[in-house]
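Report on the structure given below.
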Amino acid sequence: MSHETLSTILFLVFVALTLAITFWASRNTKSAADFYAGGRSFSGLQNGLAIGGDYMSAASFLGIAGIIALSGYDGFLYSIGFLVAWLVALLLVAELMRNSGKYTMADVLAFRMSPRPVRTAAGVSTIVVSIFYLLAQMVGAGALVGLLLGVHSDAGKIWTIIAVGLLMIIYVVFGGMKGTTWVQIVKAVMLMVGAALITLFVLAKFGFNLSGLLGDAAAQSGKGDAFLNAGLKYGTAAQGTWGKIDLISLGLALVLGTAGLPHVLIRFYTVPTARDARKSVLWGIGIIGVFYLLTLVLGFGAAALVGSKTIAAADKAGNTAAPLLAQKVGQDLFGDVGGTVLLAVIAAVAFATILAVVAGLTLASSSSFAHDLYAHVFRRGTATERQEVVVARVAAFVIGAVAIALSIFAQSLNVAFLVSLAFAVAASGNLPAILYSLFWKRFNTAGAVSAIYGGLVSALVLVIFSPVVSGAPTAMIPDADFHLIPLSNPGIFSIPIGFLCGYLGTILSKEYNASKYAEIEVRSLTGIGAEQATGH
Amino acid sequence: MTVQHDPSVYERIQAGEQFQELRRRYRSWAFPMTIAFLVWYLLYVVLSGFARDFMGTKLFGNINVALVFGVLQFVSTFLIAWAYSRHAAAKLDPIADELRDETKSADEVGEGAK
């Protein structure tokens, strides 16, 4: 049997299992709290696994291993921002959000503000951030199937995007948060087991001598000791000082963006209490941290055992480094059959990863559409719970369909920058609004709206005039050149702009409500009046 | 299922000594620690950009400063997360529980009076 057939079979097993879970979840998803928040009945460990499942995208599994395999240390540098970011979520956001919100990010922002403008802004930002992230994942899925299953025709890629999109729609429309969370949990376990297994095999080959592994990786990469230091991908010598500022800008967006990502934030609502939200982030930090340490070994292992040249020849971005490494260690340890099996397993895990992440994003954006835009902006709070859930399901279908269409259109473009752009928008618009809401007494409607739009628009404008969109061979539109700014990552400017807009908007408006601030402050820190688990 | 409270309930709790202590204990731990880990992380990123010779210094075998510094970011993240959970369990949760229980029993008395 070829590895393609075996991959497909394993992947179909995953799909069958997750569809069964979705069917079960759909029978237990009746109320709005079930659909949006899984009945708030997940345990800290379950939600911690789901946080890992939501967060460890194919971009971080295949992408970071690939960057390390081709450019060495820079891939590791990238993963550290993704991890440290969780401390912002743990210390400042997770518990307070669980105590004061209900279903979406906007619940916390609209708590003491005029609800319509704030929910409109938060809804727009949620949908924009989620669609960017979604597009990057789905276009990636199309490219990945070509690499892993040997499907290289455009039609094959389009059908893959459609299949991924349809599955994601089914998970969300029928399973809601309950089904989606279980998909994340299954995927997180598969991914951790798969990555740990390959890591163990790699380390065993080097007699558990990390220094020896690094030495071989540096030698095989053809770049020597530079391979073990920063600077081959981000802020290269050729890019000069701007390149290094760009690296800092990326680091800022990564570390501050996570706690503003809507699909991350809604995870905190799926547990019964703030204390469980804390536990789930602690589990999440443990799982994500270990995972990135595993990818460090996978990336350098791929460079050492497969060789950077072979990896670059298979895919310019190095996305097949982890699968090729799996095949290589399998072959070395267990012969050809072993290689085929391990490659197939890792390929199936990669697909499961994509599916779980896109489902989380679709859920976040459809929840925000139904709860923020439909129920509170269009219907001014007159919609019934049942109507809201129906609208959320329809929205999931429509957003899924739009994402499929956009991904097919964008599949020949280089849209990998959309992931870091999503982090930049989340850090520039959402995070200031959330932090000011929770901690600043004077904050008001004008401030919230200014922070979100100010951060969102400044990040978008900076990126449109950056080398990732035009003026470089790797740009989204390589044939045009209207770039004005030498930075690919807008964070270093757009994050301060977002915070400043929130500050100015606040002090320029007279609105101020002390009793509502007392309510959010007391609720967020004590849990008095917090939403209870519905309990099945 | 959410109990609706009169807004004045929250203002009364907010003004109380217990809540002020909870707020002080939370903020005096979380805010300085956030600044500390952000500075520590940014130091790492800035050195990765601007001090590559230093980061490339080999410490033992092929293990250089950059790798150790990176792994230390993992270690500090795990330690801070663990320390926060200890701090919260010992210093924050008891006060939050007390305030919640008091409000709950006040609600029950209120319900009975109706």
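Between B:Gly61, B:Gly56, the distinction of being within 21 Å of A:Ala237 (Cα to Cα), at the interface with chain A (Cβ under 9 Å from one of its Cβ atoms) and modelled with pLDDT under 95 belongs to B:Gly56 only.
Number of residues in region A:57-74 that are part of a helix (DSSP H, G or I) and either within 11 Å of another protein chain (Cβ to nearest Cβ) or free of Cβ contacts under 8 Å to residues at least 24 places away in the same chain (or both) equals 1. Residues in region A:104-139 that are more than 14 Å from chain B (Cβ to nearest Cβ), over 18 Å from the mean Cα position of the chain (by Cα) and in a loop (DSSP other than H, G, I, E, B): A:Ala110, A:Met113, A:Ser114.
So is B:Phe19 more than 7 Å from every other protein chain (Cβ to nearest Cβ), farther than 27 Å from A:Gly224 by Cα and either surrounded by 13 or more Cβ atoms within 10 Å (Cβ to Cβ) or touching a helix residue (DSSP H, G or I) at 6+ places or on another chain (Cβ under 6 Å) (or both) or not? Judged against the criteria, B:Phe19 is not a match.
Scanning region A:506-520 for residues that are touching a residue at least 24 places away in the same chain (Cβ under 8 Å) and within 14 Å of chain B (Cβ to nearest Cβ) yields A:Asn513, A:Ala514, A:Lys516, A:Tyr517, A:Glu519, A:Ile520. Flag not set for A:Leu91, criterion: more than 18 Å from A:Ala416 (Cα to Cα), within 17 Å of the chain's Cα centre (by Cα) and either within 14 Å of another protein chain (Cβ to nearest Cβ) or assigned to a loop (DSSP other than H, G, I, E, B) (or both). If you go through region A:454-468 and keep only what is surrounded by fewer than 23 Cβ atoms within 10 Å (Cβ to Cβ) and under 21 Å from the mean Cα position of the chain (by Cα), you end up with A:Val457, A:Leu460.
Helices (runs of 4 or more DSSP H) fully within region A:171-268 that include at least 1 residues being closer than 22 Å to B:Asn62 by Cβ: A:210-221.
Table: residues versus (1) closer than 21 Å to A:Ala356 by Cα; (2) surrounded by fewer than 24 Cβ atoms within 10 Å (Cβ to Cβ); (3) of a type in the set (Phe, Trp, Tyr).
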| site | (1), (2), (3) |
| --- | --- |
| A:Thr5 | no, yes, no |
| A:Gly39 | yes, yes, no |
| A:Ala58 | yes, no, no |
| A:Gly81 | no, yes, no |
| A:Arg98 | no, no, no |
| A:Arg116 | no, yes, no |
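Taking the criterion of being more than 14 Å from chain B (Cβ to nearest Cβ) and either at pLDDT below 95 or in a loop (DSSP other than H, G, I, E, B) (or both), the only residue of region A:489-505 that qualifies is A:Pro490. Any residue in region A:406-418 that is within 15 Å of the chain's Cα centre (by Cα) and of a type outside the set (A, V, I, L, M)? So far as region A:406-418 goes, yes, one or more of its residues are within 15 Å of the chain's Cα centre (by Cα) and of a type outside the set (A, V, I, L, M).
Residue check: is B:Thr77 at pLDDT below 95, crowded, with 19+ Cβ neighbours inside 10 Å and either within 7 Å of chain A (Cβ to nearest Cβ) or touching a Ser or Thr at 6+ places or on another chain (Cβ under 7 Å) (or both)? Considered against the rule, which asks whether it is at pLDDT below 95, crowded, with 19+ Cβ neighbours inside 10 Å and either within 7 Å of chain A (Cβ to nearest Cβ) or touching a Ser or Thr at 6+ places or on another chain (Cβ under 7 Å) (or both), B:Thr77 comes out as no. Just to be sure before I move on: is A:Val377 in contact with a Gly (Cβ under 9 Å, 6 or more places away or on another chain), within 16 Å of A:Val124 (Cβ to Cβ) and surrounded by fewer than 23 Cβ atoms within 10 Å (Cβ to Cβ) in the structure I sent? It is true that A:Val377 is in contact with a Gly (Cβ under 9 Å, 6 or more places away or on another chain), within 16 Å of A:Val124 (Cβ to Cβ) and surrounded by fewer than 23 Cβ atoms within 10 Å (Cβ to Cβ).
Has region A:95-103 got at least one residue that is modelled with pLDDT of 90 or more, more than 30 Å from B:His87 (Cα to Cα), within 14 Å of chain B (Cβ to nearest Cβ) and not in a helix (DSSP H, G or I)? For region A:95-103, residues modelled with pLDDT of 90 or more, more than 30 Å from B:His87 (Cα to Cα), within 14 Å of chain B (Cβ to nearest Cβ) and not in a helix (DSSP H, G or I): absent. Note on region B:22-52: residues that are facing chain A (nearest Cβ under 9 Å) and more than 22 Å from the chain's Cα centre (by Cα) total 7. Scanning region A:507-520 for residues being part of a helix (DSSP H, G or I) and either out of contact with any helix residue (DSSP H, G or I) (no Cβ under 6 Å at 6 or more places or on another chain) or at pLDDT 95 or above (or both) gives a total of 4.
The values are calculated or read from the model by the stated rules, or taken from the named source; none is laboratory data. Nothing here was measured: the structure is a model prediction, and the numbers come from that model. With ideal geometry, Cβ positions are generated from the backbone for all residues, glycine too; neighbour counts draw on all protein chains shown.
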